[in-house]
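Reading through the structure tokens given below for one structure.
No lab work stands behind these numbers, since they all come straight from the coordinates. Here the structure is a predicted model, which means the values were calculated and not measured. Positions of Cβ are backbone-derived with ideal geometry, glycine not excepted, and every protein chain shown enters the neighbour counts.
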């Protein structure tokens with residue numbers, strides 16, 4: 001029922017030119033969407049209003065547009081490389097993926113104890129199958145890429161999973177160039 005509603009909204013947005021499934025002519029990508037003519041205008045209007053209110057409308061806030069690719073040292077120093085890892089398991093029947101630690105935690109909350117047989121005691125809340133999960137595998141939320149023509153360890157960089165790190169690494173540059181003294185804010189929108 002909820003899936004039908006989501007599909008109805010997606011279809012309406014597609015017909016009206018707000019969003020299109022990315023790579024749709026090749027089967028699409030479930031996690032990526034492209035903004036259509038009306039979508040890009042709506043997104044730009046929202047961003048512009050936010051920017052006017054939160055950045056231009058204040059004397060104590062300046063703007064920044066940091067790169068979406070940052071050096072690996074940034075993400076290692078912030079703990080993202082090691083901390084953005086989640087143990088994922090998949091229900092073998094419905095193929096829904098879950099964080100294994102959250103399944104176990106939900107079981108503990110409901111039953112007041114840890115599952116004796118681990119995931120084998122847990123029922124998939126999506127399809128109702130009990131204990132039919134894959135072994136948990138580490139999923140890293142950091143998107144890794146390489147810079148340059150040769151793929152080697154020195155070329156590894158990461159797409160930013162959040163915008164704050166660009167603000168942190170540019171803090172001194174922004175403070176100096178904008179002639180600001182703490183406390184002040186830095187506004188940035190995501191890409």
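Couple of notes before you dig in:
- Relative intensity, log₁₀ I(q)/I(0), of region 116-180 from a Debye sum that treats every alpha carbon as a point, q = 0.20, 0.23, 0.24, 0.29 Å⁻¹: -0.90, -0.99, -1.02, -1.16
- Within a Gaussian network of the chain (alpha carbon springs, distance under 10 Å), most fluctuating of 152, 60, 86: 152
- Model label points for residue 144 and residue 52, set 7 angstrom from Cα along the Cα-to-Cβ axis, are 4.5 nm apart.
- Shown here: Rg/Rh (Cα atoms, Kirkwood Rh), derived from the displayed model; of the candidates (i) 0.98; (ii) 1.05; (iii) 0.94, it corresponds to (ii).
- GNM top mover of 75, 33, 50 - the chain, alpha-carbon springs below 10 Å: 33
- In region 1-41, one over the average inverse separation of all distinct C-alpha pairs is 10.5 Å, which is the Kirkwood hydrodynamic radius.
- Entry note, the chain: the mean residue ellipticity at 222 nm calculated from DSSP H runs of n ≥ 4, each adding -39500 (n - 2.57), is -10000 deg cm²/dmol after division by the residues and rounding to the nearest 500.
- Calculated diffusion of region 51-149, Stokes-Einstein form, Kirkwood radius summed over Cα pairs, 20 °C and 1.002 mPa s, µm²/s: 125
- Compactness ratio for region 85-140: Cα radius of gyration over 2.2 N^0.38 Å (N = residue count) comes to 1.03.
- Highest GNM mean-square fluctuation among 129, 29, 163, for the chain modelled with Cα contacts below 10 Å: 29.
- From the alpha carbon centroid of region 70-138 to that of region 154-184 is 33 Å.
- Contact order, relative form, for the chain: 22 percent (alpha carbon pairs under 8 Å, 6 or more residues apart, mean separation divided by residue count).
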